[in-house]
Amino acid sequence: MSPNAAGADAVVYVDNDPVITAHGRALLEENELTRYVEGDIFDPRSILDNETVRTHLDWHQPIALSQIATLHHHKGERSAPAEVMREYIDALPRGSYVIISHLLDPESEDTAVMRELEQAVARGSLGGATWRTRTEIEELFDGLEMVDPGITELVRWWPDGPQLKPLTVAHRITAGGIGRKL
């Protein structure tokens, strides 16, 4: 999100699926503050140079960039998502925030279950996903000041909330964090 010229919060959604993009545009047609762009998030330059992204967001004010359950779908070199994020982070104005959620290789007793799930996802319609270690997820935030509690299981972002049931493996293999560009 970024304030637009009128001072209101502006949002640009990006998706690479033309059907989802068409549906998103139709839903948001009358919303002056929100735009939908068809694009490949793994090609940052194409997103950052997109006319809608350039003109709808105020690049002189802090922006919140959310990569929620996206980066683990990169197909290719394991280091590529860190390079993708470096390009986005470099383009963001000071004071901006980056929010990332990602599949976590817990490097624990849960790793065996995580590997089974990884194989199942590889056979599914999404064509696979890459689980990363906590250290590899931290690399996605390179150059940012991490907001407490840093990289952690997503369920722990509400530490004072009621934990009604014990944590499951599913809770322990999804992590995320928030970083701020100084």
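The values are calculated or read from the model by the stated rules, or taken from the named source; none is laboratory data. Everything numeric here is computed off the predicted structure, so don't read it as measured data. Virtual Cβ from ideal backbone geometry, glycine too; neighbours counted across all protein chains shown.
Here are some notes:
- Filtering Ile100, Ile47, Ile89 for residues that are over 26 Å from Glu153 (Cα atoms) and of a type in the set (A, V, I, L, M, F, W, C) leaves a single hit, Ile47.
- Annotation: Asn4 fulfils all but one of (1) in contact with a His (Cβ under 9 Å, 6 or more places away or on another chain); (2) modelled with pLDDT of 90 or more; the unmet one is (2).
- Selection status of Arg94, touching a strand residue (DSSP E or B) at 6+ places or on another chain (Cβ under 7 Å), farther than 30 Å from Gln119 by Cα and outside any helix (DSSP H, G or I): no
- Ile100 vs. criteria in contact with a Gly (Cβ under 8 Å, 6 or more places away or on another chain), in contact (Cβ under 8 Å) with a residue 60 or more places away in the chain, in a helix (DSSP H, G or I) and β-branched (Val, Ile, Thr): no
- Evaluation of Ala69 against (1) buried (at least 16 other Cβ atoms within 10 Å of the Cβ); (2) among the hydrophobic types (A, V, I, L, M, F, W, C); (3) in contact with a strand residue (DSSP E or B) (Cβ under 7 Å, 6 or more places away or on another chain); (4) modelled with pLDDT of 90 or more (one fails), failing number: (1)
- Members of the range 52-65 found to be surrounded by fewer than 16 Cβ atoms within 10 Å (Cβ to Cβ) and either in contact with a Cys (Cβ under 9 Å, 6 or more places away or on another chain) or under 19 Å from Pro81 (Cα atoms) (or both), listed by number: Ala64
- Unique match (being more than 17 Å from Gly176 (Cα to Cα) and surrounded by 14 or more Cβ atoms within 10 Å (Cβ to Cβ)) among Asp110, Asp90, Asp49: Asp110
- Qualifying residue in the range 58-77 (condition: in contact with a Pro (Cβ under 9 Å, 6 or more places away or on another chain), assigned to a loop (DSSP other than H, G, I, E, B) and acidic (Asp, Glu)): yes
- Filtering the range 130-145 for residues that are outside any helix (DSSP H, G or I), surrounded by fewer than 18 Cβ atoms within 10 Å (Cβ to Cβ) and under 15 Å from the mean Cα position of the chain (by Cα) leaves a non-empty set.
- Pairs are defined by a Cβ separation below 6 Å, a sequence spacing of at least 6 or placement on different chains, a first member in the range 57-73 that is closer than 30 Å to Glu118 by Cα, and a second member that is small (Gly, Ala, Ser); the pairs so defined are Ile68/Ser101; Ala69/Ser101; His72/Ala129; His73/Ala129.
- Pick from the range 146-182, criterion assigned to a strand (DSSP E or B) and among the aliphatic types (A, V, I, L, M), ranking: surrounded by the fewest Cβ atoms within 10 Å (Cβ to Cβ): Met146
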